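We did not get these values from a lab; they are worked out from the coordinates using the rules stated. Because the structure is a prediction, the values reported are computed rather than measured. With ideal geometry, Cβ positions are generated from the backbone for all residues, glycine too; neighbour counts draw on all protein chains shown.
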Amino acid sequence: MYQRASFRLNRLDWGLLIIIIGFVTWLLTKDSGTLAYHWQWSKAIQLLFTPKADGSLPYFFDGLFSTLRLTFWGMLFAICFGVLLGLGRRSNFTVIRALSNSYIQLIRNIPPLVFIFIFYFFIANQLVPLLGLENLLREHSGDINLLQQFLFGSANLWENLTAGVLCIGMISAAYIGEVVRSGLDAIPKGQHEAAKTLGLSTWHRYRYIIAPQVFKVIIPPLAGQCISLVKDSSIISLISIQELTFVGTEIANSSGMIFEIWIFVALSYFVLCFILSQLFNYWERQ
């Protein structure tokens, strides 16, 4: 039976907490000397909550919702593709196994930023016309409903959203594929043999016996990879996708309130990652 974790602090915890509080207090109250920085928290908060000229959401929250869309769709794509890669690594067909392993090794051994630039500038620009998606992603002129606006954002930014989702999804899928493969390897062969003895098909064997056990095993590393995906979405700003980091850069540069804006950006990422970690902790306890 699961027992609730204790949150009692020891002496080392208290010491570190005091040091952190002291440093933050010193940082917030220091307005002279080496920093020579004048804090403007009230103006920063007012700026972040100021609606745009057309009365729509503030620019900062536009970026926040864009990050949420990138994270949701990118995570969904990464998990689906990663599961296929993990299964491919365990396939009985040499070609499928070799292709899955080659993709994983390629993505894991080049910097994410290099992959994003290559994919965006050399592949995405050619992929959209090749798939016949220009009218949908680049030249969409029809009205969109509230659900489409909520799930995908403005129609004129759908191509950017698609490119960002594919970029972070393809990168994370390579790591998730290895997580799934390690989870499958952790299941004893006796489980497969017992399922075969019962006369279960391959689908039912994985659906009712193997998959639930694998899910329990891979929850911690999968949680870490999904949280990394949220943080890695910040590098998508380098290809001019208006997510949280891009918007934070624009607001900080235009207002001059560098520390305040970036602290709010950091807190936003922390809240998103913390909520996600608690969600995975809940699933792990079930």
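Sparsely packed loop sites in segment 76-105 (the chymotrypsin sites (Phe, Trp or Tyr not before Pro) outside DSSP H, G, I, E and B with at most 11 other Cβ atoms within 10 Å) comprise 93.
Neighbours of residue 278 by Cβ distance under 12 Å: Lys/Arg scored +1, Asp/Glu scored -1, total 0. Near residue 89: Cβ cut-off under 15 Å, other residues only, Lys/Arg at +1 and Asp/Glu at -1. The net charge is +2.
Extension gain for residue 151 to residue 90 (0.36 nm times residue separation, less C-alpha to C-alpha distance): 18.5 nm. The residue list 119, 221, 263 was ranked by how far each Cα lies along the charge dipole of the chain toward its positive end, using unit charges on Cβ atoms, and 221 comes out on top. For the chain, the alpha carbon positions stretch 74, 61, 36 Å along the principal axes, listed from largest to smallest.
Note on residue 21 and residue 38: their simple-model spin labels are 3.1 nm apart, each label 7 Å out from Cα toward Cβ. Long hydrophobic helices in the chain, taken as whole DSSP H segments with a C-alpha length of 20 Å or more on their own axis and mean Kyte-Doolittle hydropathy at least -1.0: 11-29, 59-89, 94-108, 158-186, 211-232, 258-285. Report the local net charge at residue 100: Lys and Arg +1, Asp and Glu -1, summed over other residues whose C-beta lies under 12 Å from its C-beta. Net charge in that neighbourhood comes out at +3. Based on Cα contacts under 8 Å between residues 6+ apart, the chain shows a relative contact order of 25 percent. In this simple spin-label model, placing a label point 7 Å from the Cα along the Cα-to-Cβ direction at both residue 285 and residue 185 gives a separation of 3.2 nm.
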